[in-house]
């Protein structure tokens with residue numbers, strides 16, 4: 001029986017090649033789709049920030065859709081500290097897992113041509129990414145991916161370098177598919193007042209995403225949650241700091257203290273019974289710790305402790 005060759009049109013050839021690509025290279029097929037960065041109607045990211053000796057909490061939100069240079073973008077703003085951030089643009093490609101950022105101003109000048117790759121959720125172990133951000137400066141600083149894993153169907157990408165974001169807490173850079181990263185979504189902005197950012201939580205269409213921050217045990221709103229004190233203010237002294245052995249707590253005005261806990265760089269909590277005047281850190285490994293003093297009023301004072 002003879003083989004019959006049927007002439008194929010250009011469309012049929014392309015269709016056949018597409019089917020072969022899906023069969024032999026499924027990761028590159030139409031079925032390989034990353035979760036969208038945005039909700040259908042609204043998207044918000046709540047973050048804390050620190051600049052020199054003060055800090056606060058704010059919310060990034062998508063204001064509207066826009067088109068720049070024939071590309072579709074989402075314009076983003078912050079709700080409170082608008083003088084510290086003039087706005088920016090985000091766009092995504094869910095087939096490649098990439099998200100780009102574009103600032104609207106650079107020291108008062110338009111920044112319409114600057115586009116930075118902010119996230120890449122296709123990264124795998126041993127891949128590298130430029131983690132330069134506004135806290136570390138603008139020169140390229142590449143970090144290697146050390147692990148990827150899935151939680152609730154969402155891909156997490158962990159890097160070998162740690163995020164030092166103003167507040168006394170160290171945590172590896174982590175990208176979170178469809179959400180952003182622990183460094184928030186403005187981290188490619190090289191200037192402004194909202195520096196050293198850390199993602200607290202995010203919302204899509206009014207529904208909280210599955211991301212839980214480690215630094216504050218999943219607390220999303222530090223301002224309204226027990227009067228969380230973002231700054232080391234007040235009449236309670238903690239010394240010496242840095243220390244090799246002990247730290248002492250001096251309650252200068254007899255403020256009612258309810259409890260005390262020490263948080264290491266991994267987010268692990270060491271709780272104490274009562275509030276001792278002296279804490280022995282001799283057996284603790286060197287590093288940066290967060291000392292949290294919970295006051296009787298429910299407020300929380302936080303102190304950066306450096307163990308030598």
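The values are calculated or read from the model by the stated rules, or taken from the named source; none is laboratory data. The structure displayed is predicted, hence computed values, not measured ones. Positions of Cβ are backbone-derived with ideal geometry, glycine not excepted, and every protein chain shown enters the neighbour counts.
At-a-glance table
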item: Hey, residue 191 surrounded by fewer than 21 Cβ atoms within 10 Å (Cβ to Cβ) and either outside the structural domain of residue 292 (by TED's automatic domain parsing) or modelled with pLDDT of 80 or more (or both) or not; result: yes
item: Filter pass, residue 255 being out of contact with any helix residue (DSSP H, G or I) (no Cβ under 9 Å at 6 or more places or on another chain), at pLDDT 75 or above and surrounded by 17 or more Cβ atoms within 10 Å (Cβ to Cβ); result: no
item: Flag if residue 37 is modelled with pLDDT under 95, surrounded by 10 or more Cβ atoms within 10 Å (Cβ to Cβ), closer than 20 Å to residue 183 by Cα and not assigned by TED's automatic domain parsing to the domain that holds residue 180; result: yes
item: Evaluation of residue 125 against (1) modelled with pLDDT of 90 or more; (2) within 30 Å of residue 264 (Cα to Cα); (3) out of contact with any strand residue (DSSP E or B) (no Cβ under 6 Å at 6 or more places or on another chain); (4) not in a strand (DSSP E or B) (one fails), failing number; result: (3)
item: Subset of region 72-86 [free of Cβ contacts under 8 Å to residues at least 24 places away in the same chain and part of a loop (DSSP other than H, G, I, E, B)]; result: 79
